[in-house]
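A.B. asks: Take a look at this one; I'll ask things after.
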């Protein structure tokens, strides 16, 4: 009896060791599979990851319901870009683990265009598609040597949203046409703000220092880096933006951080009167303040125009279904799809034809006092200066540090000290 | 295996029925059983060490290796050898210095009161309370609450404008505390979360040690007329010395690796531990460094090794001080 049990135990131990060793060997030999392509059948799954709200749910549902579809699609939605960026980065570094199509945020695109990063993405260039999108946006997805690594999904031409009821209370012109004059340049905008807060002391002029800072710096031609990717954050134009928002932080700004609870709360408690408004912000306002009446959109933007956001669809080279991925990315960014997505998510399409289709429909939004949203966005898109700002490979990193610098001022640290910390942080990036 | 071999040895036995065969078979069995005694204990512990080697040792060694190389962001493999450059970058980084003092501050604000309260709590639970098990179990309750859930609760308590504490302060006419902007206030808030979670856990460990103290020591002290407080300092504390050292060392390590609480406390978009890095800890620094623009992984690896050495150093000092102190109180 005891002999049997000893040998049994011995066998068990040997087996356990063998299993472990086998596990080790397979674990070590697992990364040689890249590059091999496999054709997808009707019920095989092509995967895609998006973040926030791309408005693809209905499109993908319809695609999968179609009996003639060449393959099935499964979408993963991550709630915020910053979270997805981390997984995307580690997936690229590991060379495995990403979906066949990945959504990339526009501000981060320059980093993926850099040498060493761009060869992790499939070249999506297609002579038939070159004139499909807003040119500036299309070029943002292209490397210096002409490799196209992303198809534009949407653009973020900015208008200004404002609370007409609060404007009336402050004795300001509140209808869309006459209010536009208050947004003709930044000086007028800030001067009006100072008048406004005197009349309505419990409401601030704008939603956050960060959003105004971003709007202003995106009108600077070279905010952070020069044309040859040299980091140059300590320049007078950027400092001017920083000093301006610092100056108005105590009087005009809510001094809260964008996207956080306090910021959200301000939508419903008359916390602020104006905010920079790209198309995708419309839905955010509606969701945050469904019962507030008085929101309106003005067809103007201080200092001309500006773009905030807009994303791309890319195919990483680690995908085993690159052909199908390219095909599906093409489908999602064609005119009909972008119109459909725009109607769900409120994004302004980067596809030119889609923009036209929306303009022809000329939908009016009852929530925003029947503002002709697509017409306004089309006008705002035309006002965005091409190639401004220049986004270098560290644009998104430095932008993060800059937002943090403005937040420090909001929290009471002196602008000079905050600027110094900002420059230190920028230095640490290289 | 055995089946195929058996006939051969049986054959061998038939061919040579003389003296030689039987002892050789005996010898084989003998050797097997000797090996069994000698080697099977190692076999039994081997699985643990294999798993440890794969998920513990290997990453640590590889991290050390990586810290001497460059690795461009988004690249799929590491670049050339760069010597100590990554270490130099981390050690001269102003954010790292800040993170170091933040970690140290939060550690002192959490570990010190935590262990003192835990010991007193254990001493109180070591008395003849009614419903002892119930009391003892309930102090462990915070420990089983998921840290993320706890962070939500404390987030509501320490919110800058709408938080519970600030509303109370406001109601009695005191100024509100900028929990996320002031360095010391943020440390206090984070240390509160840590203490809430770990005090009960440590108290239970200390309690277990206290219960192992022979009761006749206390009876003798009672007869001699020693007060309860005197008994605590002269019997209880010296008797639980090894456990105290264990609790102090583990909470030192835990305190220096603190990550979840400050990260979830952070209201920043980029989770840098406050707009001015007021409460970025060293582990957060390691994590954030792995996301930056230049050589993210190697620099994070260097920072991780520096953190490791700091922890070893402090744990050692901790151990020596505690031992010296306890020795003196024993004599």
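A.B. asks: Just checking the output field for A:256-263: average partner chain Cβ neighbours within 10 Å of each residue's Cβ?
C.D. replies: Counting Cβ atoms of other protein chains within 10 Å of each residue's Cβ and averaging gives 4.
A.B. asks: P(r) for chain B, please, calculated from all Cα pair distances in 20 Å bins and given in %.
C.D. replies: Percent of pairs per bin, in order: 22, 41, 24, 11, 2, 0.
A.B. asks: How high is the relative contact order of the range B:268-327? Use alpha-carbon pairs under 8 Å, at least six apart in sequence, and give a whole percent.
C.D. replies: Once normalised by length, the contact order is 19 percent.
A.B. asks: Sorted from fewest to most neighbouring beta carbons within 10 Å, what does the list B:264, A:92 look like?
C.D. replies: B:264, A:92
A.B. asks: Please compute the average number of Cβ atoms from other chains found within 10 Å of each residue's Cβ in peptide A:90-103.
C.D. replies: Per residue, the average neighbour count from other chains is 2.
A.B. asks: According to a simple spin-label model (label point 7 Å from Cα along Cα-to-Cβ), what is the distance in nm between residue B:222 and residue B:149?
C.D. replies: 4.1 nm
A.B. asks: Please report the relative contact order for the range B:194-311, taking Cα pairs under 8 Å with a sequence separation of at least 6, and give it as a percent rounded to a whole number.
C.D. replies: Once divided by the residue count of the range B:194-311, the mean separation gives 17 percent.
A.B. asks: Moving to a separate point now. Specify the residue with the greatest mean-square fluctuation among B:41, B:298, B:147, computed from a Gaussian network of chain B linking alpha-carbon atoms under 10 Å apart.
C.D. replies: Comparing B:41, B:298, B:147 in a Gaussian network model of chain B, the most mobile one is B:41.
A.B. asks: Further question: Give the relative contact order (percent, whole number) for chain A; include only Cα pairs under 8 Å separated by 6+ residues.
C.D. replies: Computed over chain A, the figure is 25 percent.
A.B. asks: Sticking with this one: What share of the DSSP beta bridges in chain A is antiparallel, in percent to the nearest 5?
C.D. replies: About 65 percent, rounded to the nearest 5.
A.B. asks: I'd like the FRET efficiency for residue A:227 and residue A:360, computed as 1/(1 + (r/R0)^6) with the beta carbon distance as r and R0 of 41 Å, rounded to 0.05.
C.D. replies: 0.60
A.B. asks: If you fit an axis through the alpha-carbon atoms of helix A:373-383 and take the longest principal axis of the Cα set of chain A, what angle between them do you get, 0 to 90°, nearest 10?
C.D. replies: Around 90 degrees separate the two axes.
A.B. asks: Now, a different point. What is the mean number of Cβ atoms from other protein chains located within 10 Å of the Cβ atom of each residue in peptide A:396-406, rounded to a whole number?
C.D. replies: Mean shielding by partner chains, rounded to a whole number: 3.
A.B. asks: State the extension gain, in nm to one decimal, for the chain segment bounded by residue A:334 and residue A:243, taking 0.36 nm per residue of separation less the distance between their alpha-carbons.
C.D. replies: Gain in length upon complete extension: 28.5 nm.
A.B. asks: Could I ask something else about it? At R0 = 51 Å, how high is the FRET efficiency between residue A:344 and residue B:328 if r is their beta carbon distance? Nearest 0.05 is fine.
C.D. replies: Here the calculated transfer efficiency is 0.10.
A.B. asks: Further question on the same structure: What ranking do B:218, A:331, A:189 get, fewest neighbouring Cβ atoms within 10 angstrom at the top?
C.D. replies: In order of increasing Cβ crowding within 10 Å: A:331, B:218, A:189.
A.B. asks: Sticking with this one: PRE reach from residue A:260 (point 7 Å along Cα→Cβ): which of the range A:50-86 fall under 18 Å by backbone N?
C.D. replies: Within reach of a label on residue A:260, which here means backbone N under 18 Å from a point 7 Å along Cα→Cβ, the range A:50-86 contributes A:80-83.
A.B. asks: Moving to a separate point now. For a quick check: sort B:30, A:100 by the number of other beta carbons within 10 angstrom, fewest at the front.
C.D. replies: With the sparsest Cβ surroundings first, the list reads B:30, A:100.
A.B. asks: If you build a Gaussian network model of chain B, linking Cα atoms that sit under 10 Å apart, which residue out of B:291, B:257, B:272 swings the most?
C.D. replies: Result for chain B, Cα springs under 10 Å: B:291 fluctuates most.
A.B. asks: Turning to a different aspect of this structure: Restricting to Cα atoms and excluding each atom paired with itself, what does the Kirkwood estimate give for chain A in Å?
C.D. replies: 23.7 Å
A.B. asks: Follow-up question, since we're still on this one. Which of B:178, B:242, B:80 moves the most in a Gaussian network model of chain B with Cα springs under 10 Å?
C.D. replies: Sorting by GNM fluctuation, first place goes to B:80.
A.B. asks: When the Kirkwood radius is taken over all Cα pairs of the protein assembly as shown, what Stokes-Einstein diffusion coefficient follows at 20 °C and 1.002 mPa s, in µm²/s?
C.D. replies: After rounding, the answer is 70 µm²/s.
A.B. asks: Run the numbers for residue A:62 and residue A:126: contour at 0.36 nm per residue of separation, minus the present Cα-Cα distance, in nm.
C.D. replies: This chain segment gains 20.5 nm when fully extended.
A.B. asks: Follow-up question, since we're still on this one. Provide the percentage of antiparallel DSSP beta bridges, counting only those with both residues in the protein assembly as shown; round to the nearest 5.
C.D. replies: 65 percent
A.B. asks: Please state the equivalent ellipsoid semi-axes for the range B:18-66: what are the square roots of 5 times the Cα gyration tensor eigenvalues, largest first, in whole Å?
C.D. replies: In descending order the semi-axes read 43, 10, 5 Å.
A.B. asks: At 7 Å along the Cα-to-beta-carbon direction for both residue B:229 and residue A:286, put a label point, then send me their distance in nm to one decimal.
C.D. replies: 6.9 nm
A.B. asks: OK, next. Can you tell me the orientation of helix A:81-94 relative to chain A, as the angle in degrees between its alpha-carbon axis and the longest Cα principal axis, to the nearest 10?
C.D. replies: 30 degrees
A.B. asks: Please give the peptides A:299-312, B:96-109 ranked by average Cβ packing (other Cβ atoms within 10 Å per residue), highest first, as a rough proxy for protection.
C.D. replies: Highest mean packing first, the order is A:299-312, B:96-109.
A.B. asks: I want to check the label-to-label distance for residue B:88 and residue A:145. Put each point 7 Å from Cα in the C-beta direction and report it in nm to one decimal.
C.D. replies: 3.1 nm
A.B. asks: Once the Cα atoms of helix A:279-288 and of chain A are each reduced to a long axis, what angle between those two axes, in degrees from 0 to 90 to the nearest 10, is obtained?
C.D. replies: So the inclination is approximately 90 degrees.
A.B. asks: If each residue of separation counts as 0.36 nm, what is the full-extension length gain between residue A:427 and residue A:184 once their alpha-carbon separation is subtracted?
C.D. replies: Computed gain between residue A:427 and residue A:184 is 83.9 nm.
A.B. asks: Set the Förster radius R0 to 51 Å, insert the Cβ-Cβ distance between residue A:199 and residue A:119 as r into 1/(1 + (r/R0)^6), and round the FRET efficiency to 0.05.
C.D. replies: With R0 = 51 Å, the Cβ-Cβ based efficiency is 0.35.
Read the figures in this text as sums done on the coordinates, not as results from a lab. Quick caveat: nothing in here was measured; it's all calculated off a predicted structure. No Cβ is skipped: glycine too gets one built from the backbone with ideal geometry, and neighbour counts run over all protein chains shown.
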